[in-house]
1. Mind listing the long-range amide H neighbours of residue 109? Cut-off is under 5 Å, sequence gap 5 or more, other chains count too, H placed in the peptide plane at 1.01 Å from N.
2. Could you tell me the calculated FRET efficiency between residue 124 and residue 206, based on Cβ-Cβ distance and R0 = 30 angstrom, to the nearest 0.05?
3. As a test question: what accessible area, to the nearest 10 Å², does residue 157 have when a 1.4 Å probe is rolled over all protein chains in place?
4. Could you give me D for the chain, from Stokes-Einstein at 10 °C and 1.306 mPa s, where the hydrodynamic radius is the Kirkwood radius over C-alpha pairs? Units µm² s⁻¹, please.
5. How much of the accessible area of the range 36-75, in percent, comes from carbon and sulfur atoms when a 1.4 Å probe is used?
6. Tell me the carbon and sulfur percent of the accessible area for the range 115-208, rounded to whole percent, probe radius 1.4 Å.
7. On the full set of protein chains, 1.4 Å probe, figure out the accessible area of residue 42 and give it in Å² to the nearest 10.
8. Can you give the alpha-carbon Rg of the range 172-275 over 2.2 N^0.38 Å, where N counts its residues?
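The values are calculated or read from the model by the stated rules, or taken from the named source; none is laboratory data. Quick caveat: nothing in here was measured; it's all calculated off a predicted structure. Heads up, the Cβs are rebuilt from the backbone with ideal geometry, glycines too, and the neighbour counts pull from every protein chain shown. Note: areas computed on protein heavy atoms with side chains; ligands, DNA, RNA excluded. Shrake-Rupley method; radii C 1.70, N 1.55, O 1.52, S 1.80 Å.
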Amino acid sequence: MIALYINWNFNPEIITIFGFPIRYYGLLFASGLLLSMSILKDIFKKENLMDNAHEALFIYGIIGIFVGARLGHCLFYDFDYYSRNLLEIILPIKKDLNGDFKFIGYAGLASHGGAIGLIISLYLYSIKFSLKYLKILDLIAIVAPLGATFIRLANLMNSEMIGNPTTMPWAFIFKRIDNIPRHPAQLYEAISYLIIFIIIFAIYKTSNIKLGNGFFFGLTITLIFLMRVLIEFLKINQVDFEKGMSLNMGQILSFPFIVIGLYFVITNFTKREAI
């Protein structure tokens, strides 16, 4: 088998403007949200929902995802540090060895926290616009895997969440980390989430399953977090306390989402058979 190892050595920063770095992570994060919202706009029209409701959804969504992802990282992965540095939870700064604060951006976002934050913000959104909560969850579920695809591509550009060493011919050598060929776990997830998006979107376009019963929400979170559990076996530990654990934090946090997702999928099929 011919080794086609890819030497990956991207600078995470695209350009610095007045001392503030513009990073690939932020660009891809925003691109995924904007593309998802563009697709949602067409779905809103098809479902005869209000235009102003679509416009507000972007605000609710981005606040929910960002706040949840940030708090999720601080609470689930690095609570000991952030409990002693509360200011750094909400500000894009970090204290260096000299005790000085340095701008670093928001280094540390957890997808499970982002999912929880989004679910909560969508509940508030549904109340504000008097929309059925499960219908909003179903709407977001159609495009959520696409947004997740861009986030994992952003992780790839940052050379973070890298995989275990491997001799597979498509291995990546993350030059900013070491010179060891590794599984491009971020790319595995990005491809998986893109496939999930295609599946979910195709079901929405071609089936007679109506929004508002939680089916799309359930199927999406089941597939996304099932893939998360499986691909985590190919990743290095994200934090030191995961050493020696049979399942890492990402896998443990994924199981409740899978259980909830399966509940909605199974419930929907049970109801359809009873009709």
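1. Sorted by chain and number, the residues that satisfy this come to none at all.
2. Details: r = 32 Å, r/R0 = 1.07.
The formula returns an efficiency of 0.40 here.
3. Rounded to the nearest 10, the figure is 20 Å².
4. Numbers: Rh = 20.1 Å.
It diffuses with D of about 79 µm²/s by this estimate.
5. On the way: 1300 of 2040 Å².
Percent of accessible area from carbon and sulfur atoms in the range 36-75: 64.
6. Values: 2790 of 3940 Å².
Carbon with sulfur: 71 percent of the solvent-accessible area.
7. 100 Å²
8. Details: Rg = 17.3 Å, N = 104, 2.2 N^0.38 = 12.8 Å.
Output field value: 1.35.
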